């Protein structure tokens, strides 16, 4: 009778209890921390469990139970937090990889992007809408009302002083992979399309006056220096045209390593260090043609100022990530330190054609009489701070849309407009220029704007 009472009590517990255990293998046990994750025993391969009662006894107490007498129910493995599972003799498999969203669903560790969820990686592609700071240059083209001379400061500056290229498009890509939980390597490329503008004007000897302003500094008597202008179009005196342009191009490439300081479900902090390369090219070109209405002599003046800046160095900084549901915020702050090689190439020519006489060509120009032509270069140590702030929305597993703000500052670069010397001695326009060297003028440039793109984190 005592034995039958024990059997009836066990049967009632099996039929009424809500906690689940698996009895296929009594040597396996799990104790959860939450109220919904009670202790159970069993064989993980069959993924079946059995009701045994609200109060869970030690595993050894289940040994006498006849498994065939128990009521089997399915056990949903996904409801157990993987990081809290401890099984004797069973290999633990976690899904705490970056980008797995803390779960092992259909797009989780077993079938993640490229099947590399356990080896975290990232692919990011962004379109850029960027602005550059204004480049400085002397006043290169001026205009005035008909009959007036286009001489500064009364004339209007048509091209020069502040060169604003407006908006430029570009692209940035970033790809990499983690080799351990705290170490990864990656590479990034940056391309910004040409940022610049151009100007052109012409006249037939009537209408608005057009000129190329300069500062007249005679070599014989420098004390009478004053503003003046080469006439391109002047009513009754000259007819002609002028074209001017400027442009700036920027590309960059990086190879870096990541070292994780903190990696939690809601946030991540990493130190970044590696190699950086930037190439920034800038140019200013101007050409004018003036026809003397009295003698029909046509004179062409052309000048070009080209600069190249090549940066090689290292980088160091930090990137932080915060996640809340489907939203994420990423902040990257770092500085590039290294050598900037600056190269400046200045060229010019003058062509003069008078009817009935042979053409005359000279290797000087209206902007190159008191300065030397040729090419110069120098190396300077510089730094380039960079900041990126990105907001992302995950619209499906591992894939997010992103929008961000970006800032990049070049502390020491050679810009074409700043290499122009507007001091001119018109008494020596016919003299040939012998290159003897010149000093490179150092400047700075910033780039900022927004980015729109997508990222894949697996």
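Read the figures in this text as sums done on the coordinates, not as results from a lab. Predicted model only: the values in this text are computed from it and were never measured. FYI the Cβ positions are ideal-geometry reconstructions off the backbone, even for glycines, and counts take in every protein chain you see.
Summary of values
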{"item": "Pair residue 275, residue 318: separation of 7 Å Cα→Cβ label points (nm)", "result": "2.7 nm"}
{"item": "Intensity falloff of region 295-401 expressed as log10 I(q)/I(0), Debye formula with alpha-carbon point scatterers, at q = 0.09, 0.21 Å⁻¹", "result": "-0.56, -1.04"}
{"item": "Residue 337-residue 199 FRET efficiency (beta carbon distance; Förster radius 25 Å; 0.05 resolution)", "result": "0.10"}
{"item": "Residue exposure sequence - 267, 262 - by fewest surrounding Cβ within 10 Å", "result": "262, 267"}
{"item": "Distance histogram in 20 Å bins (all Cα pairs of region 114-457, percent per bin)", "result": "27, 42, 23, 8, 0"}
{"item": "Length added when fully stretched, residue 297-residue 129, from 0.36 nm per residue minus Cα-Cα", "result": "55.8 nm"}
{"item": "Inter-site label distance for residue 452 and residue 423 at 7 Å from Cα along Cβ, in nm", "result": "5.0 nm"}
{"item": "Relative contact order (percent, whole number), region 114-457, Cα cutoff 8 Å, 6+ residue spacing", "result": "17 percent"}
{"item": "Rough spin-label spacing in nm, given labels placed 7 Å along Cα→Cβ, for residue 381 and residue 259", "result": "2.2 nm"}
